[in-house]
Amino acid sequence: MNRSNQVFDRVTARLKAQVGPEVFTSWFGRLKLQSASKSVVRLSVPTAFLKSWINNKYLDQITALFGEEDADILKVEIVVRSATRASPGVITTASTSDAANSGHPPAVSKRREPPVMVKGAGAHFTAFPKGHQAANSVIGSPLDPRYTFESYVEGTSNRVALAAAKTIAEAGTGSVRFNPLFIHSNVGLGKTHLLQAIAAAASRHARNPRVVYLTAEYFMWRFATAIRDNDALSFKESLRNIDLLVIDDMQFLQGKSIQHEFCHLLNMLLDSARQVVVAADRAPWELESLDPRVRSRLQGGVAIEIEAPDYEMRLNMLRQRLAAAQIEDGTLDIGEDILAHVAQNITASGRELEGAFNQLLFRRSFEPNLTLERVDQLLGHLVNAGEPKRVRIEDIQRVVSRHYNVSRQELVSDRRTRVIVKPRQIAMYLAKTMTPRSFPEIGRRFGGRDHTTVLHAVRKIEGLINGDTKLGHEIELLKRLIIE
């Protein structure tokens, strides 16, 4: 074994000890040493999603470990390695550092005709052409034609989610990735856009996968209607023959019988290796109104959070929105200084940013010479408006996990190593001091722990703060980061 391989083995062993065997297996089990020079190490992974995830979450940690093992190593690069795979009815693909698929034509024995979108009275049907079984005709929620990957603005806050979404859309029926994929964020940060982009892109795939996009509320209404019309069996059968289920707003799925049926559907799709993508306004372990069996299956996949856009991303969103508006009106012009000013001050979500732009668009029609002062007057209700920010437990978990370089899933897991226990106790302490939540509710948000565990954590951190000035300053820093 040469020296580079020895260094790589030592680094991966230390990384496994730091992140834990479960996390290591999930994210680094297929990490390989591709090449090494005196100062640069190049590691490879099989998918663009893994590359993006590791670059965003673990690259600094990996680089530091290599530097400790060999001081000459200054840089670590993650690339997507070439790979081939062949199986009956599945195309052979070749990955590169920039894309997961080579674009080879599919080796499919029999081509299906593409689905035809038909809009009916208040409903949106995905009807497959004649010649297929009736079970292939399924009902879906309407897709907004504006919601595509091309119109989705990428930034640091959504890059990992976007990479995962594209990987799934590009896979067609050939493979199942990160199943189920669970995307969560606050409202107005692009979940629905991303899910509809997956459905739209997947439906255009050369393999013609059977794609269904539903909101949770639409699923509830359609199932209740099927029961009323004594047609529940046909409805359930129609969903059994799909390749990709995309379901939005999972937090709204209510009703014991409906959740029971959804659990059966979810189990059937996952057990038969059909891709499922879900979105909600909180992480799967925080969906307390869901049946525990549904919540457990959702937690068994990959959960990715989309965070609020940073300044550069907000500015790019406004620029793209202006470019789209200029296609319809070539005389339209909003100065870069105004766009930059709006991006600097409207920080909550993309939805509020869209509202601000629409306000400017409307005003400009009879106030062509808008000044920054006038913009502030018009958009004052969107800038630092309302009550102070309400702190959520998931905000606390996100900031604490990032600060201590652990994942949110580790924070709520059963692991009891010192590197996990202390951040978990600090997060519980902050949850009690910064939110109105009770001890039992905080315990549920931290992996279903008993309220006495939370009480112990709060008292422990309180005691440590009294005798540890450094920890006290650290807690105050975390509070500022959470509020900001």
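The values are calculated or read from the model by the stated rules, or taken from the named source; none is laboratory data. Quick caveat, the model's predicted, so the values are computed rather than measured. When we count neighbours, we look across all protein chains shown, and the Cβ atoms used for this are built from the backbone with ideal geometry, even at glycine. To get the accessible areas, we keep the full protein, side chains included, count just its heavy atoms, and leave off ligands, DNA and RNA. Shrake-Rupley method; radii C 1.70, N 1.55, O 1.52, S 1.80 Å.
For D337, the accessible area of its heavy atoms, probed at 1.4 Å with every protein chain present, is near 90 square angstrom.
Would you rank R3, R319, R210 by solvent-accessible area, highest first, keeping every protein chain in place and using a 1.4 Å probe?
Result, largest first: R3, R319, R210.
With R₀ set to 22 Å, the beta-carbon distance separating R402 from D468 gives a calculated FRET efficiency near 0.55. Relative to the current alpha-carbon distance between K32 and F362, full extension at 0.36 nm per residue lengthens the span by 113.4 nm.
The alpha carbon radius of gyration of segment 314-433, expressed as a multiple of 2.2 N^0.38 Å, is 1.53.
At a 1.4 Å probe, what is the % contribution of carbon and sulfur to the accessible area of segment 330-441?
On the way: 2960 of 5970 Å².
Whole-percent figure for carbon plus sulfur exposure: 50.
Each residue was assigned an accessible area with a 1.4 Å probe, and for S438 the value is about 50 Å². If you model segment 198-324 as an ellipsoid using its alpha carbon gyration tensor, with each semi-axis the square root of five times an eigenvalue, the axes come out at 29, 19, 15 Å, biggest first.
Once R0 is set to 22 Å, what does the formula 1/(1 + (r/R0)^6) return for the Cβ-Cβ distance between L74 and R3, expressed as a FRET efficiency to the nearest 0.05? Each step should come with its number before you reach the end.
Numbers: r = 17 Å, r/R0 = 0.75.
Working from the Cβ atoms, E equals 0.85.
Taking amide H as placed 1.01 Å from N in the peptide plane, L214 has its amide H under 5 Å from the amide H of S141, V246, I247, D248, each at least 5 places away in sequence or on another chain.
Extension gain, A64 to A13: 0.36 nm times the residue separation minus the Cα-Cα distance gives 17.0 nm. For segment 200-240, the Kirkwood estimate of hydrodynamic radius, built from reciprocal distances between every pair of different alpha carbons, is 11.6 Å. One chain, two ends: R480 and E217. Fully extended at 0.36 nm per residue, the span grows by 91.0 nm beyond their Cα-Cα distance.
Sorted by accessible area (1.4 Å probe), largest first, how do F357, F439 line up? Mind dumping the intermediate values first?
Values: F357 0, F439 55 Å².
Ranking F357, F439 by accessible area, largest first, yields F439, F357.
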